[in-house]
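The values are calculated or read from the model by the stated rules, or taken from the named source; none is laboratory data. Note that the structure is predicted; figures quoted are calculated from it, not measured. Cβ: placed from backbone, ideal geometry, glycine included. Neighbour counts: every protein chain shown. Just so you know, the surface numbers come from the protein's heavy atoms only, side chains and all, with ligands and any DNA or RNA stripped out. Shrake-Rupley method; radii C 1.70, N 1.55, O 1.52, S 1.80 Å.
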Amino acid sequence: MLQSHQPTPSHRVALVIQYLGTHFHGWQRQKHQRTVQEEIETAIAAVLGYHVTLHGAGRTDSGVHAAAQVAHFEATGFIPPHKWASILNSYLPEDILIRASATVDDRWHARFTATYRRYRYTIYTEKRPNLFVSPFSWHYYYAPLDECLIQAALEPLMGKHHLAAFHRAGSKRSHSWVEVQAAECHRSGAFLHIEIQANAFLYGMVRLLVGMLAQVGCGKLTLASFNELWKQERREKVKHAAPPQGLCLLRVGYPDFPFPPEIWYETLPHFVFPTNFPSH
């Protein structure tokens, strides 16, 4: 039986987490919905015998994946912090994996200590669908996408801006200021990869942004119109949100992180199709 009161915490444990968002209703715990936070909290409670709160670096929407989400919780007992990853993996479902665990200082916080979050959005542009990439990409075959136009649209977003045009309703955040630290688009064969790094992200920001970038890339929206749209905060003009399955939380950055880069830095493989096929 679970205890009604949590004992005094003795140490703080940080986790690097991967999950396939397809069958989750996002990260944050919600009543009557399957979420990543609740699944991991349930696993921790099964080990400790009492409920804990898992604090994540950020919230991902329904259907969005994570290659290196970061979270922490308070634990008592004699379990070495580095053992938590393997222990929790034995309790968790197949669509969640703890890459590593470690102890952190009590002042370290998965959300508030983070200096950036980085997302990657993958677009698959081949006309024929592909079952093996559809869970992780937006199949955009309606028109050719020009990655150079998309990159040109991204560049003015660098720096600190009020991005209310890409802020979905329903957020509790009181403002729409975002400091964009990196914004890149590159092509790998039939795939376009768009990466955005910022100090924090607005609710629904990346999917709304990518939806409008696709309009730029296919020529339906000019660069001037796109820039005017977000600079003038014309939220009513943003009518296209990219689907969730193409989006992945790539990594979270910290000034003091107890994990080596191979655990968290680049753990989402790039989809690459060959451009030269063998002749028959």
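Below 8 Å between Cα atoms, with a sequence gap of 6+, how large is the relative contact order for the chain in percent?
Reported as a whole number, the value is 22 percent.
For segment 190-280, which trypsin sites (Lys or Arg not before Pro) are in a loop by DSSP, counting at most 13 other Cβ atoms within 10 Å?
Working: sites: 207, 220, 231, 234, 235, 237, 239, 251; in loops: 220, 234, 239.
Here the sparse-neighbourhood loop sites are 220, 234, 239.
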*Mind checking which lysines have their Cα closer than 21 Å to the Cα of residue 127? Skip sequence neighbours fewer than 8 apart in that chain.*
220
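Please compute the per residue accessible area over the chain with all protein chains in place, 1.4 Å probe, rounded to a whole number of Å².
Values: 14220 Å² over 280 residues.
With the other protein chains kept in place, the chain gives 51 Å² per residue.
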*So which GluC sites (Glu not before Pro) in segment 49-140 pass both tests, a DSSP loop state and at most 10 other Cβ atoms within 10 Å of the Cβ?*
94
*Using Cα pairs closer than 8 Å and at least 6 residues apart in sequence, work out the relative contact order for segment 58-164, in percent.*
17
*What is the spin-label model distance, in nm, from residue 132 to residue 203 if the labels are put 7 Å beyond Cα along the C-beta direction?*
3.9
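For residue 57, what charge total do you get from the other residues with a beta carbon under 10 Å from its beta carbon, if Lys and Arg give +1 and Asp and Glu give -1?
On the way: positive: 59, 111, 117, 251; negative: none.
My count for the surroundings of residue 57 gives +4.
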*222 nm [θ] for the chain, helices only, -39500 (n - 2.57) per DSSP H run of 4+, per residue, to 500?*
-5500 deg cm²/dmol
_Carbon and sulfur %, accessible surface of the chain computed with the full protein complex present, 1.4 Å_ = 54
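Which is the longest part of the chain that has none of the chymotrypsin sites (Phe, Trp or Tyr not before Pro) sitting in a DSSP loop with at most 11 other Cβ atoms within 10 Å? Kindly include the intermediate steps, with their values, before the conclusion.
Values: sites that count: 78, 112, 132, 142.
Counting at most 11 other Cβ atoms within 10 Å as exposed, the longest clean stretch of the chain is 143-280.
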_Whichever lysines have a C-alpha closer than 19 Å to that of residue 31, once near sequence neighbours (fewer than 8 apart) are set aside_ = 172
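Fully extended, how many nm does the chain gain between residue 237 and residue 31 (0.36 nm per residue separation, minus their Cα-Cα distance)? Don't skip to the answer; put the middle values down first.
Working: separation 206, 0.36 × 206 = 74.16 nm, distance 3.27 nm.
My answer for the length gained is 70.9 nm.
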*Express the C-alpha Rg of segment 110-204 as a ratio against the empirical globular expectation 2.2 N^0.38 Å, rounded to two decimals.*
1.23
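Restricting to bridges with both residues inside the chain, how much of the DSSP beta-bridge set is antiparallel, in percent to the nearest 5? Please report the intermediate quantities before stating the final value.
Details: 44 of 49 bridges.
Antiparallel bridges: around 90 percent, rounded to the nearest 5.
Subtracting the Cα-Cα distance from 0.36 nm times the residue separation, let me have the gained length for residue 45 to residue 218 in nm, one decimal.
Details: separation 173, 0.36 × 173 = 62.28 nm, distance 4.93 nm.
In short, 57.4 nm is gained.
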*asked:* Only Cα pairs within less than 10 Å get springs; with that Gaussian network setup on the chain, which residue of 56, 217, 77 has the largest fluctuation?
replied: 77
